[in-house]
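A.B. asks: One structure, as structure tokens, below. Some questions next.
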Amino acid sequence: MQSAIDATRLDLEFVAFCTGGQNFSLDISQVREIRRWSPVSSLPHSPEEVLGVMNLRGSVIPIYDLAARFGLPRTPHNERNVVVVAAHGGKTLGLLVESVSEILSVKNEDIQTPPDTRGDSGRQAITGIITTDEGMSRVIDLGAVIGFGGKAPQ
Amino acid sequence: MGSQNSIRDMFFEESEELLEQLIDGLGLIAAGQADDETVNAVFRSVHSIKGGAGAFGFSALVDFSHRFETVLDAVRSHRLEASAGIVLTLQRSADFLTDLVERARRGDTETPEQADSFLAALDQCLAGASAPDGLVASAFGFAAQPILLDLGEPATEVFEIRFKPFGRLYSNGHNPAMIVASLADLGETTTHLQTEGMGELADFDPAAPCLGWLIELETSAPETKVREVFDFVDGLCDLHISTRLDEAAAPEPHPQVAPASSGATQASSSPPQSVRPTAEPADNTPKSTLRVELDRVDRLINAVGELIINQSMIAQRLQELRLATDADVVTHVEDYRLLARDIQEAVMAIRAQPVKPLFQRMSRIVREAEEATGKKVKLQTSGEGTEVDKTVVERLSDPLTHMVRNSVDHGLEKPEARLAAGKDPIGTITLSAVHRSGMVVITIRDDGAGLNRPKILEIARSKGLVAPDLELADSEIDALLFMPGFSTADRVSNLSGRGVGLDVVKNAVSTLGGRITIATTPGQGTEFIISLPLTLAVLDGMVVSVAGQTLVIPITSILETIVPEESDVHQFGASDQLLFVRGRYVPLVDVAEGLGLSGGLRDPRKCQVVLMETEEHALVALMVDRIHDQRQVVIKGLESNYGTVPGVSAATVLGDGQVALILDPDVLARNVSPAANSGLLRISEGMPHAVSH
């Protein structure tokens, strides 16, 4: 659960999505479902990227604005926005993104380690880079995104 | 391996019940309300624990329960009188047995050091027993090889055992052949099949047992040993045990007609089993129960919660359709609502448990506290049958232990002081539980000297908890007891008084959604009153809206709702406002601001106000945009998927599927005082990421 990438698996599948003008992907084993956006109840004293909580069949789950988490402007309200429901370390949460594009099948060796860049707050939540037809997709570490069990930068 | 573990788990579950029965029975014996059956039941509890422990190789447990059982056996056969001293030893031994079971559960098979002193205490009991024949044999006869001590001739006797199983013996899985085999272990047996019960072929019922056995047993073991073989089929069979000798001596031997009364050696402690009619055992059997994993029940509770939310969604949609109120569908949905409530109540009842085991544990705490303080204490309990949610019962154990110790240590005076005050030198602590308006109220009362308020104030001042010149009302002084770091003991005792105590109790109670209050009368005693919700799954709340969000305020602390008059709102300093209610000035708290939902103060004259009492008994007026209605909501934790949020205790899902946060009004109210203000800020700075680290 520490990392989004399980090094022992040769073929990996990722759910790719787009938000804030950038492509991201998340290990398919962490994705539970993809839902239409529905209004959330905001949480007091929460960080910028926490939009609020939503009712998922009786569970109250927090919704994170992925763009805001990576220091991009908050995702503008749009009926076509979707919520990627994911699970990490026993917690269920939702990621608000603009659209889900495809499922990527990648070999382990095709995932590059992200290079060191100058202090970017979201950098440590990216564990790998996949080259796709449209460009590149950033593999996100869910634990680091929500601030639980986040990986220290190497 | 798995099944072995589950059998092991079952042993511990059963042990828990057996220990409960044991402690219960000893309580009755101590109170002098025991009959022979109570003593038997106590004996059987220990015996069954020993049996189970043996099967799993918990040798420390077997050794101790064996010795314990020996003493109990002496009591049940009236060779040892249950004097106060003996009963106390038995009770302490039961406490120790509880510890041993707990150790075994944790996989700790070492024999704890104290074992020797407990064993010695038990032996001491036996030393005082009158020692007729059989005592030594019965005391040590359980060892694998019977040790025949030089008590003279171990005379052999011939027992005639008439044994006719009822149907339930078979359906409970017992096997007569095994019983006969166990008898054969005791000595020479000759077994005769008895077919008198068999009727005409035409009337033959294949499901009804008709066979019995006459077993002649020649053994040197005492009758108690012989009866022991039948311990586990007690009430499941027709059993007569008599000795040849007796029959010869008995004036009118009618073994067939009234065998039960024939034997002089018929232990007077065992009830005459033979006269028990066949139909009766059904009434005697305890209510049948089912062991279910808690997870399954919780899943059911969740699903029912969803069902109720779903029902209110449908009801809300129907309302929007503006159908006639007598339309079929409307009445059906109303029925649906009632059914859903019924199911919810029934499911909640599964989790409900009596507080009895909790109270029982307290009698042990009292005994230990007596020893540590040298005070004499009598514990009275009432309302043990009161049921509360399982989690509440479990989480109440530590706080209650603290409270009881505290009452013995600080509440009650020393015997000399009590005598001087004209009181019974033995102090009384009363524990009671009662259901009151949807809450369970647990009271711990001592008949001690009452709170020494001047001393409390003095200590609080010396510890810098209260400004030296501040005048406090009586209730405010009492509330100082709950402040962290407060301890009234002059010196640290090993019992309580490390300054961690009542504040911890208070925290534990408030996490359960409850409140704790003190009432004290000088010279007559102090009473701690804990009120708790019956369940942690639902709460009664007032639905309000604040800054466009729907929120729920728990109803327990709400006093009233007010639409304030303009003239009642007063500016107080630069940013605070006070509301004049019933002759008092109460701070006005903007909920939206407290939760950081909107910037800037809004106009209190356009708001509605919920008047609340905080845990510190201070009044506070919460300002909301609108008060909607009052309803029962299903509590959904935020911690499992997110973390804790200051000012918010949990969330719920409303009829429209939207999440509404449940406010923690005490945290919001604390925001009022400048000192606590910084506290809230400190909490919120690290939120929510700090939760995980």
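Readers should treat all values here as calculations from the given coordinates under stated rules, not as data from a laboratory. All values reported here derive from a predicted model rather than from experimental measurement. Note: ideal-geometry Cβ built from the backbone for every residue, glycine included; neighbour counts use all protein chains shown.
A.B. asks: Under a Cβ-Cβ cut-off of 11 Å, what is the net charge of the residues other than B:I562 that fall near it, where Lys and Arg count +1 and Asp and Glu count -1?
C.D. replies: Charge balance near B:I562 sits at -2.
A.B. asks: OK, next. Can you give me the long-range amide H partners of B:S382? Hydrogens built in the peptide plane at 1.01 Å from N, cutoff under 5 Å, separation of 5 or more residues or another chain.
C.D. replies: Sorted by chain and number, the residues that satisfy this are B:L431, B:S432, B:A433.
A.B. asks: Around A:G90, what is the net charge, scoring Lys/Arg as +1 and Asp/Glu as -1 over all other residues with Cβ under 13 Å from its Cβ?
C.D. replies: On the way: positive: A:R32, A:K91; negative: B:E639.
Surrounding charge for A:G90 is +1.
A.B. asks: Using per-residue counts of other Cβ atoms within 10 Å, averaged over each peptide, order B:371-383, B:321-333 from highest down.
C.D. replies: Ranked from most to least packed, the peptides come out as B:371-383, B:321-333.
A.B. asks: Compute, for region B:395-485, the length of the dipole vector about the Cα centre, with Cβ point charges of +1 (Lys, Arg) and -1 (Asp, Glu) only. Units Debye, rounded to 20.
C.D. replies: The calculation lands at about 260 debye.
A.B. asks: How much net charge surrounds B:V333 when only the other residues with a Cβ under 14 Å from the Cβ of B:V333 are counted, with Lys and Arg +1 and Asp and Glu -1?
C.D. replies: Every neighbour counted, the sum reads -2.
A.B. asks: Let me ask another. Counting alpha carbon pairs within less than 8 Å and at least 6 residues apart, what relative contact order, in whole percent, applies to region B:2-140? Before the final figure, lay out each step's value.
C.D. replies: Working: 124 pairs, mean separation 37.5, N = 139.
About 27 percent, as a whole number.
A.B. asks: Give me a single rounded figure for B:652-664: the average over its residues of other chain Cβ atoms within 10 Å of their Cβ. Don't jump to the answer; show the numbers that get you there.
C.D. replies: Details: counts 2, 9, 2, 0, 1, 6, 7, 13, 4, 7, 0, 1, 0.
That average works out to 4.
A.B. asks: Let me ask something else. Calculate one ³J(HN,Hα) per residue across region A:26-40 by plugging θ = phi - 60° into the Karplus curve 6.51 cos²θ - 1.76 cosθ + 1.60, and present them in order as whole Hz with x for glycine and proline.
C.D. replies: Coupling constants for region A:26-40: 9, 3, 4, 5, 8, 8, 9, 6, 10, 10, 5, 5, 9, x, 10 Hz.
A.B. asks: Short version: ³J(HN,Hα) in whole Hz for each residue of region B:193-210, in order, from phi by Karplus 6.51 cos²θ - 1.76 cosθ + 1.60 (θ = phi - 60°), x for Gly and Pro, what are they?
C.D. replies: 7, 10, 10, 4, x, 7, x, 5, 4, 4, 8, 5, 10, x, 8, 9, x, 10
A.B. asks: While we're on this one: Please list, ordered by chain and number, the residues whose modelled amide H lies under 5 Å from the amide H of B:L80; skip anything fewer than 5 residues away on the same chain.
C.D. replies: B:V75
A.B. asks: Let me ask something else. Taking a cut-off of 15 Å between Cα atoms, list the aspartates and glutamates near B:K376, but don't count ones fewer than 8 places away on the same chain.
C.D. replies: B:E368, B:D409, B:E413, B:E416, B:D424, B:D446, B:D447
A.B. asks: Would you be so kind as to identify which of A:G90, A:V31, A:M136 lies farthest towards the positive end of the dipole of chain A, taking Lys and Arg as +1 and Asp and Glu as -1 on Cβ and the Cα centre as origin?
C.D. replies: The one lying farthest along the dipole's positive direction is A:G90.
A.B. asks: For region A:1-108, count all C-alpha to C-alpha pairs, find those more than 19 Å apart, and express that count as a whole percent of the total.
C.D. replies: So the portion of pairs separated by more than 19 Å is 45 percent.
A.B. asks: Looking only at A:H88, A:H77, A:H45, which one moves most when chain A is put into a Gaussian network model with springs between Cα atoms under 10 Å?
C.D. replies: A:H45
A.B. asks: Quick one: 3J(HN,Hα) in Hz for region B:314-331, Karplus 6.51/-1.76/1.60 with θ = phi - 60°, rounded, Gly and Pro as x.
C.D. replies: Per residue, the Karplus-derived 3J(HN,Hα) values read 4, 4, 5, 4, 4, 4, 5, 6, 6, 7, 5, 5, 9, 4, 3, 4, 5, 5 Hz.
A.B. asks: Past 20 Å, Cα to Cα: identify those pairs from B:K378/B:K414; B:K606/B:K636; B:K50/B:K225, in the order given.
C.D. replies: B:K606/B:K636
A.B. asks: Residues with amide H under 5 Å of B:I635's amide H, sequence separation 5 or more or different chain, H placed in the peptide plane at 1.01 Å from N; which?
C.D. replies: Placed amide hydrogens put B:V538, B:L539 under 5 Å from B:I635.
A.B. asks: Another question, if that's okay. Toward the positive end of the charge dipole of region B:299-405, about the Cα centre and with charges on Cβ (Lys, Arg +1; Asp, Glu -1), which of B:L318, B:A372, B:M348 goes farthest?
C.D. replies: Checking the options against the dipole of region B:299-405, the answer is B:A372.
A.B. asks: Averaged across B:629-641, how many Cβ atoms of other chains sit within 10 Å of each residue's Cβ atom?
C.D. replies: Working: counts 0, 0, 0, 0, 0, 1, 1, 6, 2, 5, 1, 6, 14.
That average works out to 3.
A.B. asks: Farthest toward the dipole's positive end in chain A, which of A:P44, A:V106, A:M54, given Cβ charges of +1 (Lys, Arg) and -1 (Asp, Glu) about the Cα centre?
C.D. replies: Working it through, the farthest residue towards the positive pole turns out to be A:P44.
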